[in-house]
Amino acid sequence: MADDAYMPADEDYAHLQKLSSEYAPEATGPLVGERQSSAAITTQYATADPVYRVKTAALPAKYAYFRTCRGDGHCGWRAIAFTYFEALLRVGDVGKFEDEEARLNSLGNLLAHIGYSRDIWIDFAEEAFELLRKLAHSLRNMDGQAAEILLQTFNDTSESMAIITYVKLLASAWVQTHSDDFMHFVPMGDVKAYCANNIEPTQCEADNIGIAALAEALVKPAGFGLEVWYLDRSPGEEINRSFHSEPTDHHHVPIPNAPMLRLLYKPGHYDILYKAGDVPRVHHQPPPPQQSLHVALANSFDDFQPTASNVADVMTMIPGMYPTGLGQRWPSLSYDFSPSPASCAQVTPIQPYAPVPTPITPVSTSHLDFVTPIHSGHTSQYNRPSIHSIHLDQPPVTLPIHPPPPPVSIDRAAPIGLERGGPFRPSMYELEPGFGSSMQVQPFQTSIFRNSHFNTAHYMNPDFEPEQWCPDGDYSNGNKGRHKLQSS
């Protein structure tokens, strides 16, 4: 080694050691974070020591949620103060906030006993009292903003530091006024010196003595409990409880189902823990049931029943609107409507001519309700379909009625067994089942029908087949002139 090489002196080593021991990374993040799943702690320690991995892996099963606190030297005090106000919200009693304000105000006697006049601590206490009033006002109005008000207050540096300073003064006053309970745990038994050096200064983190003092001065009189869970490298598969203060009443009787304030202590830092039961459940209102859809169908038949037909469905004429195969039905739709048929109009029957001796075979009308059936007998009346609402108030009129045509037997082809249905109601002017079949014989009943395209003998009918002239048939009638033509 060269003679001129630099050799650090002992003072330099001491200075470097001091800088290393006093180094603290800059604290970042919110002063109090949002509540989140404790599985994030398991993920954070996934690559850490095996003992930490085992303990953090078992943590979510017992404590479902946690909340972070910024590690700026006040995280312990901040965690206790925040959970104290949060426990009041969990109780949800507006009167409880007013009682706590009165009780905390009365603790001024403790502060006065250790030499702090009201002028010294009242400004810090007013921030805590104002927060109690805001939370009570929010609960009274039921606006749902109380939890947000609490979180915003503790994330405001000025307001949160004022509340933390007031809490620390309460802890110092409790330790000094109950020195017999703490003197065996402080150096040389000097309680006052210990509070002046380890509780009251700004950058002093909460220790076991300060937490125990706050449990007695702030937490237990409010009817709450406090416990601290320690995540360390001690043997075991779960975190250890390092502090516990059971909630009791004024007669030191345990309070059942009292809110518990839970802190998670990692070496040098405090966070907040929650069990699943500590978090209020959000009850989602089920969606209101939808009302039935009422569809008014114009000119609907109250007693309509789909019937079989061998006539091509009119819906198949629309592109894309056809059943998927033979015998398939159209997709069914449920129409919920309440028909209110109109009252039938009374029509004075008309006396017809005497009927012919041979009874007339009525034509099956299937579902064509617009056709008026003809009945044999001495009297007849018109049956108005249920879809019409016509009231005839005119006096009866006698009309000349011609005798009906001779009865004709119509043989209809058996309909094909296709069941029709679907979202479209058949038209009242739809042809009857089997009408238009090529196998049936259509008679000439009237001159109108004879000239209609419904007549199979009419050239406009789809099934029209013109008669063909056959020469051989004409020659077979013995026409002499034609025979002469053949012999020539």
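No lab work stands behind these numbers, since they all come straight from the coordinates. A quick note: this is a predicted structure, and the numbers were derived from the prediction, not measured. Don't worry about glycine lacking a Cβ; one is built from the backbone with ideal geometry, like all the others, and counts go over all protein chains shown.
Peptide packing for 237-249, 214-226 was compared via the average number of neighbouring C-beta atoms within 10 Å per residue; ordered from the highest value, the list is 214-226, 237-249. From least to most packed, judged by other beta carbons within 10 angstrom and beginning with the fewest, 167, 175, 94 follow the order 94, 167, 175. First measure r as the distance between the Cβ atoms of residue 141 and residue 250, then evaluate 1/(1 + (r/R0)^6) with R0 = 25 Å and state the FRET efficiency to the nearest 0.05. E(calc), rounded to 0.05, equals 0.20. Counting beta carbons within 10 Å around each of 53, 35 and listing the fewest first gives the order 53, 35. The P(r) of the stretch 90-229 has a tail past 25 Å containing 30 percent of all C-alpha pairs. Across the stretch 26-278, Cα-Cα pairs farther apart than 26 Å form 40% of the total.
Rg and Dmax of the stretch 115-162, both derived from C-alpha coordinates alone, stand at 12.6, 42 Å.
Cα-Cα pairs above 23 Å in the stretch 170-250: how many percent? Here the tail beyond 23 Å accounts for 30 percent of pairs.
Of 55, 62, how do they rank once you tally other Cβ atoms within 10 Å and put the fewest first?
Details: 55 23, 62 13.
With the sparsest Cβ surroundings first, the list reads 62, 55.
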